[in-house]
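*Asks:* Sharing a structure, written as structure tokens. Questions coming.
The values are calculated or read from the model by the stated rules, or taken from the named source; none is laboratory data. It should be emphasised that the depicted structure is a prediction, and the values quoted were computed from it without experimental measurement. Methodologically, a virtual Cβ is constructed for each residue, glycine included, from the backbone with ideal geometry; neighbour enumeration extends over all protein chains shown.
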Amino acid sequence: MKPVLAQASPDRAPAQHSGIRFRRLTEVAPEVLVAHMSDPRMRDHMPLLTFAWDLEVAQSFVAAKEACWHRDGLGHWAIFNGDRYVGWGGFQKEGEEWDFGLVLKPQFFGLGARIARQALAFARADARIPFVTFLLPPSRRNLGALARLGACLVGEIEHDGARFRKFVLETPTHPSPPGMTALGGHK
């Protein structure tokens, strides 16, 4: 008998492997988010980051991401390596598509592929997500990780006034990935 997948709750997260943990953004102090998003290196590949972050912006950001959880049953997480906050990311519904975004602190860029693999295993176990999109600015030159994941370039689009390359990765649904039960708990 095939397990039935429950709708994702804000606490539902990918299985934890190699010390990578996914938690709610509400578990991160706004000051931590401000420091992360205020690092000047973040602007290099984030064309939509056109304003300064302060406590009010961080609180509005978290509230908007929580609203996505309530509206869609899925959203963005705070991501930790052990007990260290390394960034945020997850899935956000854009029209009928689920877009995956990942924004790591610069000193943790090397964890991106490992985090993405865990998150995409989660997406494959969610019957609502037949494919995932990725929007990358033209400034991103190293696209080997997306190719290794199996994502294909489908073209360029404009999003909120900025140009992005759009990639798509099919996520055929299957029973829970290794280490995760059908209801999102960990084995």
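*Asks:* Quick one: Glu31 ticks every box in (1) surrounded by 13 or more Cβ atoms within 10 Å (Cβ to Cβ); (2) at pLDDT 95 or above bar one, so which box is it?
*Replies:* Going through (1) surrounded by 13 or more Cβ atoms within 10 Å (Cβ to Cβ); (2) at pLDDT 95 or above one by one, Glu31 breaks only (1).
*Asks:* Just the residues that are among the small types (Gly, Ala, Ser) and surrounded by fewer than 18 Cβ atoms within 10 Å (Cβ to Cβ), please, taken from the range 34-74.
*Replies:* From the range 34-74, those among the small types (Gly, Ala, Ser) are 35, 38, 52, 58, 60, 63-64, 67, 73; that's our starting set.
Within the range 34-74, Ala35, Ser38, Ala52, Ser60, Ala63, Ala64, Ala67, Gly73 qualify.
*Asks:* How many residues are surrounded by 15 or more Cβ atoms within 10 Å (Cβ to Cβ), assigned to a helix (DSSP H, G or I) and not aromatic (Phe, Trp, Tyr) if we restrict to the range 93-112?
*Replies:* Of the residues in that region, 2 qualify.
*Asks:* In the range 110-119, how many are more than 17 Å from Lys166 (Cα to Cα), hydrophobic (A, V, I, L, M, F, W, C) and at pLDDT 90 or above? Lay out the reasoning, then the answer.
*Replies:* Step one: of the range 110-119, the residues more than 17 Å from Lys166 (Cα to Cα) are 110-115, 117-119.
Now drop any that are not hydrophobic (A, V, I, L, M, F, W, C), which leaves 111, 113, 115, 119.
Filter again for at pLDDT 90 or above, leaving 111, 115, 119.
So the answer is 3.
*Asks:* Then there's this: For the range 134-164, enumerate the residues that are modelled with pLDDT of 90 or more and under 18 Å from Trp88 (Cβ atoms).
*Replies:* Listed by number, the residues that qualify are Phe134, Leu135.
*Asks:* Okay, next question. Within the range 134-161, can you find the residues that are at positive phi and assigned to a loop (DSSP other than H, G, I, E, B)? Show your work before the answer.
*Replies:* Of all residues in the range 134-161, those at positive phi come to 150, 155, 160-161.
Within the range 134-161, Gly150, Asp160, Gly161 qualify.
*Asks:* Which of (1) crowded, with 18+ Cβ neighbours inside 10 Å; (2) of a type in the set (A, V, I, L, M, F, W, C); (3) over 13 Å from Leu104 (Cβ atoms); (4) modelled with pLDDT of 95 or more does Phe80 not meet, given it meets every other one?
*Replies:* The number of the failed condition is (3).
*Asks:* Give the range 137-158 a look and list any residue that's surrounded by 12 or more Cβ atoms within 10 Å (Cβ to Cβ) and in contact (Cβ under 8 Å) with a residue 60 or more places away in the chain, or say none.
*Replies:* Of everything in the range 137-158, those that are surrounded by 12 or more Cβ atoms within 10 Å (Cβ to Cβ) and in contact (Cβ under 8 Å) with a residue 60 or more places away in the chain turn out to be Pro137, Arg140.
*Asks:* Any residue that is outside any helix (DSSP H, G or I), farther than 25 Å from Phe164 by Cα and under 16 Å from the mean Cα position of the chain (by Cα) - is there at least one of those in the range 61-75?
*Replies:* Yes, the range 61-75 has at least one match.
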